[in-house]
Amino acid sequence: MAKAGQATTTFPLSLSAFMRLPMRFKLAAMVGVAVAIAVIVGVSLWARQPDYAVLFSNLSDRDGGEIVATLQQQNVPYQYSEGGGAILVPSNMVHDIRLRLASQGLPKGGLVGFEVMENQKLGASQFLEQINYQRALEGELARTISTISAVKGARVHLAIPKQTAFLRDEQKPTASVLVNLQPGRTLDGAQIAGIVHLISSSVPELAPASVSVVDQEGSLISQQNDALRQTGLDPAQLKYVRDIESGYIKRIEAIVVPIVGAGNVKAQITADVDFSQTEQVAETYRPNPSPETAVRSQQVSESGAGGPNAVGVPGALTNQPPAPATAQITTPPAPGTPGGAGTGNAQSAQNYSRNSTVNYEVDKTVSHTRMAPGVVRRLSIALLVNQKQEPGKPKAVPLSDAEIKQITALAKEAVGFNQQRGDTLNVTNAAFNPGDKDVLPQTPIWKDPFLLATLKDIGRYIAAIVVAWLVWTRLLRPLFRRLAEIRPPSPAEEEVFEESEGSRHAARNFEAKIGYARDVAKQDPKIVAGLIKEWVGGNESR
């Protein structure tokens, strides 16, 4: 037996010592050990329990039931969030489960597509088939529109009139689209036009003007896009102008910021862009003849007559024939005329003519010019530069004229300043008003998701350690101390205990044999009678 006040380091837990404990201590010891094991196992499992993350939320009842049934078939643990608005699964399995469900077409978004045609029943009427086809087409179009990044969900309603053989009564189909946009997202004109074109191209004889697109606020966004086009403002052109202006602003800031520092320059640019398409055809002719002008055709004709001329008394004009008409350009001088070849020689006089015609090629130049749209006609640039803060001075100092000229020259070169087309640049140096800075609200440290998850994990392990320590100090250690305080039996007591146990064992064996003999006597009395005769005969022989 341990002395009082002395720490017990060993616990003699022999079976004999345990058997001598009172029954209430035996039961308490067994219950304590069982509870300790259960608590330790439960705490370890709780500490290893995985975190649950959202698999899907805001599901329809049909999709939620199909997803839960699939998770049960795959033995995947799941939970419901408060209110049942979301299905939770272990966070390390979220992406894997989503891919597996996507391969099975889940979730369907509460829409019915062409899979409804797979369950057609025999004997269905033509009206029912048409309704199923329309439902399937609406569901498929809604699914396609929902794939747009800015669209959270979509519903499509088609009004397809019944076909008729009378042209007078013929009606064209119409369509209505309701889009539920993501928070903070909008659809631009090109995306709205794409949705309208998608619907009109999927339904026969559906005109784009018969398609209405409405957002979740009830605004008719397709009509806004049409009104913008009717005013002559193309959204693509407006976006092109904004891109040009923002590009020029980035160029100016990129070249000026290294000089004045970040946040010390503000630039605004207005671009006048010409989107008109111009075609010009011009024909020009050069004067001829020119040394470079080609001869197209040339014609020369000559004629003459031979023989002596009439003679007479010299000086008598009546005896001389009249002189032929002469042309200095086309014919040579006639004989007998001034400059003629036979002047003074009457024997050689003759008639002679020569004609020459020259045709030149017409020199013609045809130019066809087509001006591309989107040409910048003029730039208006406003540049505001903050005053510089010199060390040791409490107030900002304006920039010098040389610095202003340097910034002006750099800005002009950055945007390709062209004074001939009317570009203007205004550089102003002024002190910026700091004003109230937009400070984003910081998340409190006790609401940080990462910190909360870390503290949660740490808390689990601390709780497991605390529970194990309480089980040891409050249950197991007092029990072991109680068992240790029991005096171990002496050799004589052990021998007496063993003899007592042996006698109890022998008594139990004798009683068992008596019981067996009784059973045999009841089952077969003849054997017992024979044994008794043998015993009696043996005694008589003695």
Does the range 165-181 hold any residues that are over 13 Å from Ile199 (Cβ atoms) and open to solvent by 60 Å² or more (accessible area, probe 1.4 Å), and which are they? Ala165, Phe166, Leu167, Arg168, Asp169, Glu170, Gln171, Lys172, Asn180
Restricting to the range 52-79, name every residue that is in a helix (DSSP H, G or I), touching a residue at least 12 places away in the same chain (Cβ under 8 Å) and open to solvent by less than 70 Å² (accessible area, probe 1.4 Å). Asp63, Gly64, Glu66, Ile67, Val68, Thr70, Leu71
Keeping to the range 375-397, report how many residues are loosely packed, with under 14 Cβ neighbours inside 10 Å and in contact with a strand residue (DSSP E or B) (Cβ under 7 Å, 6 or more places away or on another chain). 4
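Of the residues that make up the range 20-30, is at least one modelled with pLDDT of 75 or more and closer than 22 Å to Trp472 by Cα? Working first, answer last.
Pass one, the range 20-30, residues modelled with pLDDT of 75 or more: 30.
After this cut, where a residue has to be closer than 22 Å to Trp472 by Cα as well, the list is 30.
The answer is yes, given that some residue of the range 20-30 is modelled with pLDDT of 75 or more and closer than 22 Å to Trp472 by Cα.
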Tabulated pairs, the range 517-528, first surrounded by 10 or more Cβ atoms within 10 Å (Cβ to Cβ), second in a helix (DSSP H, G or I) and among the small types (Gly, Ala, Ser), C-beta under 6 angstrom, 6+ apart or interchain: Val528/Ala521
Residue list for the range 203-225, restricted to those being part of a helix (DSSP H, G or I) and under 21 Å from Lys152 (Cβ atoms): Ile221, Ser222, Gln224, Asn225
Given the conditions (1) charged (D, E, K, R); (2) closer than 30 Å to Arg377 by Cα; (3) modelled with pLDDT of 90 or more, and given that Asp188 satisfies all but one, which numbered condition is not satisfied? (3)
Single residue of Ala254, Ala236 found to be modelled with pLDDT of 85 or more, of a type in the set (A, V, I, L, M), outside any loop (DSSP other than H, G, I, E, B) and open to solvent by 60 Å² or more (accessible area, probe 1.4 Å): Ala254
Working carefully through the options Pro391, Pro449, Pro398, find the one that is more than 30 Å from Asp272 (Cβ to Cβ) and at pLDDT 85 or above. Pro398
Over the range 419-439, the set of residues at pLDDT 90 or above, open to solvent by less than 60 Å² (accessible area, probe 1.4 Å) and part of a loop (DSSP other than H, G, I, E, B) is Gly422, Asp423
All but one of (1) open to solvent by 60 Å² or more (accessible area, probe 1.4 Å); (2) part of a helix (DSSP H, G or I); (3) in contact with a His (Cβ under 9 Å, 6 or more places away or on another chain) hold for Glu129; which doesn't? (3)
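The values are calculated or read from the model by the stated rules, or taken from the named source; none is laboratory data. Computed from a prediction, not measured in an experiment: that's the story for all the values here. A quick note on method: Cβ atoms are made from the backbone with ideal geometry, for glycine too, and the neighbour counts reach across all protein chains shown. Accessible surface areas use protein heavy atoms only, side chains included; no ligands, DNA or RNA. Shrake-Rupley method; radii C 1.70, N 1.55, O 1.52, S 1.80 Å.
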